[in-house]
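Asker: To start, I am sharing the structure in question, which I have written as structure tokens.
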Amino acid sequence: MSRIGKAPIHIPSEVIFTVSDTNLVTIKGPKGELSQQVDTDMTVLQEGTDIIVKCPTTQKRHKALHGLYRSLINNMVVGVTQGYKIEQELVGVGYRATNQGNTLDMVLGFSHHYVFQLPKEVKVTTTAEKGKNPTIIIESTDKQLLGQVAAKIRSLRPPEPYKGKGIKFVGEVLRRKAGKSAAKK
């Protein structure tokens, strides 16, 4: 049995949890509504104020799915109650980011602007303070979608190892290389 899968998921009082006949789990909360299709082998039950995911056998596939679906449902509960937020900063001379609604416009040192249309489930804000790097803040209730959007934004200009220029996550520690001058000594 999966250790993660065994742990019950606590349902806050403001969250509504339903499971359909086709194993479609739907969770509604103050920040929105999320749905996840669960494998038909797994059973999802509500016992009091907890959600429990049950595994039919101890096969390797079932043990893997047990932990997976428990984590996905837990992420949905956290998403509809608290939400998720990712902050990215643009490191480089002349790098800028602005937004209008869900359209993100970035200047990343290329000959053209990058205009990135975000999904409607994701909210974006940008900040540019003097003396600090421009910051992109993206928020959503869906953790999977948020991570995918953040990775796509980062892939437009990943940080390079010599000067660290590019789009990086706030708090990310980059592995830096010494460069040519260090090799000559």
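Asker: Enter the accessible area per residue of the chain (Å², integer; probe 1.4 Å; all protein chains in place). Could you put the intermediate results ahead of the total?
Answerer: Numbers: 11370 Å² over 185 residues.
Result: 61 Å² per residue.
Asker: In the full protein assembly as shown, how much of His113 is accessible to a 1.4 Å probe, in Å² to the nearest 10?
Answerer: Result for His113: roughly 100 Å² accessible.
Asker: For Lys123, go through the lysines and keep the ones whose alpha-carbon is under 17 Å away, minus same-chain ones fewer than eight residues off.
Answerer: Lys31, Lys85, Lys143, Lys152
Asker: Computing the accessible area with a 1.4 Å probe over protein heavy atoms, can you report the carbon and sulfur percentage for the chain? Write down the numbers at each step before the final one.
Answerer: Working: 5890 of 11370 Å².
Ligands and nucleic acids excluded, carbon and sulfur give 52 percent.
Asker: Right, another one. Spin-label point model (7 Å from Cα, Cβ direction): what's the Val115 to Thr98 distance in nm?
Answerer: 1.3
Asker: Under the rule of -39500 (n - 2.57) per DSSP H run of 4 or more residues, summed and divided by the residues of the chain, what mean residue ellipticity at 222 nm is obtained, to the nearest 500 deg cm²/dmol?
Answerer: Numbers: 4 runs with 44 residues, N = 185.
Here the helix-only value at 222 nm equals -7000 deg cm²/dmol.
Asker: Please report, for the Cα atoms of the stretch 44-185, the Rg to one decimal and the Dmax as a whole number; what are they, in angstrom?
Answerer: My reading of the Cα-based Rg and Dmax gives 20.3, 69 Å.
Asker: Taking the alpha-carbon distance from Lys168 and a cut-off under 15 Å, which aspartates and glutamates remain once sequence neighbours fewer than 8 residues away in the same chain are dropped?
Answerer: Within reach: Glu87, Glu89, Glu160.
Asker: To the nearest 20 debye, what is the magnitude of the charge dipole of the stretch 84-175 about its Cα centre, counting +1 on the Cβ of each Lys and Arg and -1 on the Cβ of each Asp and Glu? Write down the numbers at each step before the final one.
Answerer: Values: 14 positive and 9 negative charges, 44 e Å.
Once rounded to the nearest 20, the dipole reads 220 debye.
Asker: Testing the spin-label approximation: label points 7 Å from Cα along Cα→Cβ at Thr135 and Leu156. State their distance in nm.
Answerer: It works out to 1.9 nm between the two label points.
Asker: On average, how much area does the Cα convex hull of the stretch 1-74 cover when viewed from any direction, in nm²? Working shown, then result.
Answerer: Numbers: hull surface 18.2 nm².
Directional mean of the projected Cα hull area for the stretch 1-74 stands at 4.5 nm².
Asker: A follow-up question, please. Based on the Cβ-Cβ distance from Val78 to Thr49, what FRET efficiency comes out when R0 is 22 Å, to the nearest 0.05? Provide the component values of the computation, followed by the final result.
Answerer: On the way: r = 15 Å, r/R0 = 0.70.
Efficiency at R0 = 22 Å is approximately 0.90.
Asker: Over the chain, with a Gaussian network built from C-alpha contacts below 10 Å, which listed residue (Gln59, Gln82, Gln46) shows the highest mean-square fluctuation?
Answerer: Of the options given, Gln59 has the highest mean-square fluctuation.
The values are calculated or read from the model by the stated rules, or taken from the named source; none is laboratory data. If you're wondering where the values come from, they're calculated on a predicted model, not measured in any experiment. When we count neighbours, we look across all protein chains shown, and the Cβ atoms used for this are built from the backbone with ideal geometry, even at glycine. With ligands, DNA and RNA removed, areas are computed over all heavy atoms of the protein, side chains included. Shrake-Rupley method; radii C 1.70, N 1.55, O 1.52, S 1.80 Å.
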